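Down below is the structure, laid out as structure tokens.
The values are calculated or read from the model by the stated rules, or taken from the named source; none is laboratory data. From a predicted model like this one, the values you see are computed outputs, not experimental measurements. Cβ placement follows ideal geometry from the backbone for every residue including glycine, while neighbour counts extend to all protein chains displayed.
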């Protein structure tokens with residue numbers, strides 16, 4: 001089942017903060033986050049592996065709560081360059097050794113940062 | 001940047017014709033994936049490969065087949081194209097997909113925009 005992202009869209013002014021949530025009805029083993037600008041390919045931001053883990057990437061950070069089966073992406077002091085669609089990706093089923101994992105992506109959250 | 005190219009970049013085809021999209025990588029990565037992207041649906045996994053001649057189905061595999069005869073090439077074939085397969089198709093690669101290997105996410109190609117008329 002596809003993870004559910006919220007909100008679907010958000011509009012910010014430069015310098016404002018935003019939170020994007022990703023929830024799954026199934027157990028989460030890891031969460032990926034990607035950003036896609038219009039007309040371009042998605043770009044990897046970060047992966048979270050452990051419950052309670054938090055990571056930072058410039059002013060973009062994320063947390064992962066495996067008990068709640070959810071992850072949140074935090075964008076602080078947003079910049080114009082943060083505009084784009086953000087996707088979370090979660091593992092599809094239990095990973096089989098050596099076959100690797102398969103990511104299911106959420107439907108995306110469109111973020112627009114205005115001057 | 002990871003060397004991953006998709007061809008063609010754009011294609012218009014007629015309903016009922018077979019179509020093959022190509023993904024080529026120069027990174028010697030083991031894992032390769034095909035996704036389609038449609039408004040409101042995000043990215044949906046079609047098929048993936050975990051090695052030469054090793055493939056598995058994804059969420060939306062009906063009407064699609066894949067082949068991987070060499071590490072560097074992963075082909076997606078629409079056996080008989082339908083209008084519902086009009087979409088943007090992305091290939092992705094990953095060097096490692098072991099949960100503990102956190103340094104490697106997916107690298108995506110630039111996409112192929114396919115229109116079935």
Tell me which residues, restricted to segment B:81-100, are modelled with pLDDT under 95, more than 9 Å from chain A (Cβ to nearest Cβ) and surrounded by fewer than 19 Cβ atoms within 10 Å (Cβ to Cβ). B:95
Going through (1) in contact with a helix residue (DSSP H, G or I) (Cβ under 6 Å, 6 or more places away or on another chain); (2) without any contact (Cβ under 8 Å) to a residue 24 or more places away in the chain one by one, residue B:78 fails only at (2)
Have a look at B:69, B:7 and point out the one that is out of contact with any strand residue (DSSP E or B) (no Cβ under 7 Å at 6 or more places or on another chain) and farther than 22 Å from residue B:105 by Cβ. B:69
For segment B:58-80, does any single residue satisfy the condition of being closer than 22 Å to residue B:11 by Cβ, within 8 Å of chain A (Cβ to nearest Cβ) and not in a strand (DSSP E or B)? yes
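Has segment B:36-51 got any residue that is touching a helix residue (DSSP H, G or I) at 6+ places or on another chain (Cβ under 9 Å), surrounded by 15 or more Cβ atoms within 10 Å (Cβ to Cβ), at pLDDT 95 or above and more than 10 Å from chain A (Cβ to nearest Cβ)?
Of segment B:36-51, the ones touching a helix residue (DSSP H, G or I) at 6+ places or on another chain (Cβ under 9 Å) are B:36.
After this cut, where a residue has to be surrounded by 15 or more Cβ atoms within 10 Å (Cβ to Cβ) as well, the list is B:36.
Still in the list and also at pLDDT 95 or above: B:36.
Now drop any that are not more than 10 Å from chain A (Cβ to nearest Cβ), which leaves B:36.
Yes, segment B:36-51 contains a residue that is touching a helix residue (DSSP H, G or I) at 6+ places or on another chain (Cβ under 9 Å), surrounded by 15 or more Cβ atoms within 10 Å (Cβ to Cβ), at pLDDT 95 or above and more than 10 Å from chain A (Cβ to nearest Cβ).
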